[in-house]
Every structure is written in C-alpha cells, then in structure tokens.
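The values are calculated or read from the model by the stated rules, or taken from the named source; none is laboratory data. A quick note: this is a predicted structure, and the numbers were derived from the prediction, not measured. Cβ coordinates were reconstructed from backbone atoms using ideal geometry, including for glycine residues, and neighbour counts include every protein chain displayed.
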C-alpha cells in the first residue's frame, strides 16, 4: 500500500510540473499569419475656373460633392467667379482616367440662374447611364472644394455633404442643406435658412439692424454659436428639443413672451425688435453672446 501511495504522489508531482511549464506548439500546428499591407492610392488634383455674368436678383444653385467645402462671398461685380479644386484617388493611373470625367461637375447658366451640379459615383441615377463601369471604383475617395464670388444681391441655394461651408457678404435669399458641416456665416441681411444634420454653425451678425426677413438655423446634433453686436435689434426664438441647453451671455435680451428665457427655450427681444431669428438644436448647445466675447 505504501508503494502505491508513493507512485501516486510522484505521478501527481510530475503532472504539476508539466502543467506549470509553458506550452510550445510545433511549427506544423502554428497558423501562418499573412501580413496585411495597406493599399497606397495615387492622388490626382486639378483646378477649374468659370466666370459668367449674372444680373441683379439672380440665383446661384450649388449641388455639392459628397465631400468638400463650399465658400461663397458677395462682391460688387455683376458676375459669378468660380474656382473648383478637384481631387481623385485610385490605385492606378488608368483608374484615375476613368474616375476624373465622372467625379466632376457641370456648369450650367442662363440669363438669371447659374447651376453648379456635381456628378459622380455617389449618384446611382447618374451611374446607371454609365455602362460597364468597374464596381471596385465606386467607393474610392474624392472631393471638390468650391469657391465662389457672387453679386451681393444674389439668391444662393447650397446642397452639400460632408465639409465646411462659409457664407459672407450676400443679402439675397439663402438656403443651405448639409449632411455634416462646420458652417461659418457672416451676414447683414436677407432671408436665411440653414439645415445641418450634424456639426457646428457660427452665425455672426455685424450690424445692429438686419436688412431682410431674418434667419432660421436648424441643427439635429451639434452646436450653434450666435454673435450679436452691442445694441442689436431683433426678435429671437431658440429651442433645444432633447438633450442640451441654451447658454445666453448677451445682456441685451429681454423676455418677449412666455416662457421667456430658460435653459431650453427662449422667446426674447433685443433692443426695439425687428427681423425674426429662429434657432433650433435637437441635441446640443445654443450659445448667444456679444461680438468679441469669449464663449463659456
């Protein structure tokens, strides 16, 4: 019996030693890892410029690219000047040759309306007209940055995807729709409508009295910053619909009607009142402050 106990103890000790040793698998049992290499894409850029005359009260329509910036500035000339910076990426020069004519834009103009219409692989209806186009090229990155100068009295319509939008010096009817954007708007008048799904908007009003119908800015998720000058005159409605708050540090706002000025709702009047401004954010922050004041 003693010999049997000794055999059991020695076997247990041997097993314990084996368990404590590191396990090394044989080369045959190891899986060979294939190294992953990132595909390097070639990049091609180009610049297109267009200039057309546009009379007083004309309209400029911009159908932007899925990615890229749009900058519009008002000036005193009766013409529209466009500079477009285009960028394509693909694996080979042959692929770039296929993409460049498609991921581009058309410049269409008549007497009182100029249209800048982006075409490309993002547009299913457009691509149905292109026969035998390689599917592997459909999702390659590309972008167009548009810079325009337009007569100050021009109406402007912008529909774009992802990228910054900048508007200044225009006093016509302005409409902006963007999927995701950092928008900078400096205006003194007109009728403005801005709708952005996600992003931030900085609205700066450098004059005490707005010349025109006012402005409406809507953001589903993001931040809206409004800079008002001292002595500003206007009526303001602001609402945060879900999560977030209104941060008001502008001292010239008074309650116009119920519920007055709260962290989620504002019905206020600045100075003697005037043009109407409606600000709506689904989730985020509306900040209203005096021009030059540091945001809190």
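When the stretch 90-119 is filtered for residues that are part of a strand (DSSP E or B) and out of contact with any helix residue (DSSP H, G or I) (no Cβ under 8 Å at 6 or more places or on another chain), the ones remaining, listed by number, are 104, 105, 106, 107, 108, 109, 113, 114, 115, 116, 117, 118. In the stretch 174-184, is there at least one residue being surrounded by fewer than 18 Cβ atoms within 10 Å (Cβ to Cβ) and modelled with pLDDT under 95? For the stretch 174-184, residues surrounded by fewer than 18 Cβ atoms within 10 Å (Cβ to Cβ) and modelled with pLDDT under 95: absent. Over 24 Å from residue 81 (Cα atoms), assigned to a strand (DSSP E or B) and touching a strand residue (DSSP E or B) at 6+ places or on another chain (Cβ under 6 Å), is that true of residue 183? When the stated conditions are applied, residue 183 does not pass them. The number of residues in the stretch 250-274 being assigned to a loop (DSSP other than H, G, I, E, B) and under 27 Å from the mean Cα position of the chain (by Cα) comes to 2. The strands (runs of 3 or more DSSP E) found wholly in the stretch 187-244 and carrying at least 3 residues that are within 14 Å of the chain's Cα centre (by Cα) occupy 189-204, 211-228.
Restricting to the stretch 120-147, name every residue that is out of contact with any helix residue (DSSP H, G or I) (no Cβ under 8 Å at 6 or more places or on another chain) and assigned to a strand (DSSP E or B). 143, 144, 145, 146, 147 - these are the residues of the stretch 120-147 that are out of contact with any helix residue (DSSP H, G or I) (no Cβ under 8 Å at 6 or more places or on another chain) and assigned to a strand (DSSP E or B).
Only one of the numbered conditions (1) closer than 12 Å to residue 63 by Cα; (2) touching a residue at least 12 places away in the same chain (Cβ under 8 Å) is violated by residue 95, and that is (1). On the stretch given as the stretch 148-168, residues that are touching a strand residue (DSSP E or B) at 6+ places or on another chain (Cβ under 6 Å), assigned to a loop (DSSP other than H, G, I, E, B) and on the phi < 0 side of the Ramachandran plot total 3.
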